[in-house]
Amino acid sequence: MQVNATRFEFGGVGIFHAIDLLLECDMERNDWEYLDWAYNKFENELIVPDASVVEGTRSYFTEQGLNHFSEPLVVFVSLFQKYLEEAGIGELFVEHRNIYDDEIAYSDNFQILIQNIDSEKERKS
């Protein structure tokens, strides 16, 4: 079985790991408030798997996760574009892919974690 999933990256890392770059920006007050709201939405509603599961994985949103977090994702994407892309710091990348059951290290209704691509290449060779 396969699941459609979506990953958001900035500078080669997931958007949650790239948040520090936004925190260093001289954002307008209302953008700080939007960022705080969006971050808290994820913080309060997205399960953080055990660290031993997370190590060496890449996280993707399920379709249910994309729907549930659509508003905070719009905030994150717009802020990454407005403050980081426009400043030439990097580019936001959105990856859509099908994930197969045997790739999944962790999943819940909102997210799927798979082994990092480098780990996948080693596994297949």
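The values are calculated or read from the model by the stated rules, or taken from the named source; none is laboratory data. Predicted model, so just to flag it, every value in this text is computed and none were measured. Reconstructed Cβ throughout: ideal geometry from the backbone, glycine too, with neighbour counts over all protein chains shown.
What the table below lists for this structure:
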{"read-out": "Residue satisfying condition, being within 17 Å of GLN111 (Cα to Cα) and among the β-branched types (Val, Ile, Thr), within set ILE89, ILE99, ILE19", "value": "ILE99"}
{"read-out": "Members of segment 28-49 found to be acidic (Asp, Glu), exposed (fewer than 15 other Cβ atoms within 10 Å of the Cβ) and farther than 16 Å from PHE110 by Cβ, listed by number", "value": "GLU28, GLU33, ASP36"}
{"read-out": "Residue ID - farthest from PHE69 (Cα to Cα), chosen from residues in segment 24-40 that are without any contact (Cβ under 8 Å) to a residue 12 or more places away in the chain and not acidic (Asp, Glu)", "value": "ARG29"}
{"read-out": "Checking HIS68 against (1) under 15 Å from GLU9 (Cα atoms); (2) of a type outside the set (Gly, Ala, Ser); (3) modelled with pLDDT of 95 or more, the condition it does not meet", "value": "(1)"}
{"read-out": "Subset of segment 50-68 [surrounded by 15 or more Cβ atoms within 10 Å (Cβ to Cβ) and among the hydrophobic types (A, V, I, L, M, F, W, C)]", "value": "PHE61, LEU66"}
{"read-out": "Residue within segment 85-100 that is crowded, with 17+ Cβ neighbours inside 10 Å, within 17 Å of VAL3 (Cα to Cα), of a type outside the set (Asp, Glu) and free of Cβ contacts under 8 Å to residues at least 60 places away in the same chain present", "value": "no"}
{"read-out": "Residues located in segment 92-125, provided they are of a type outside the set (A, V, I, L, M), modelled with pLDDT under 95 and not in a strand (DSSP E or B)", "value": "ASP101, ASP102, GLU103, ASN116, ASP118, SER119, GLU120, LYS121, GLU122, ARG123, LYS124, SER125"}
{"read-out": "Among (1) more than 17 Å from PHE8 (Cα to Cα); (2) modelled with pLDDT of 95 or more; (3) crowded, with 16+ Cβ neighbours inside 10 Å - the single one CYS25 does not satisfy", "value": "(2)"}
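A quick yes/no check of all residues on (1) farther than 13 Å from ILE15 by Cβ; (2) among the polar types (S, T, N, Q):
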position: LEU73; (1), (2): no, no
position: GLN81; (1), (2): no, yes
position: ALA87; (1), (2): yes, no
position: LEU113; (1), (2): yes, no
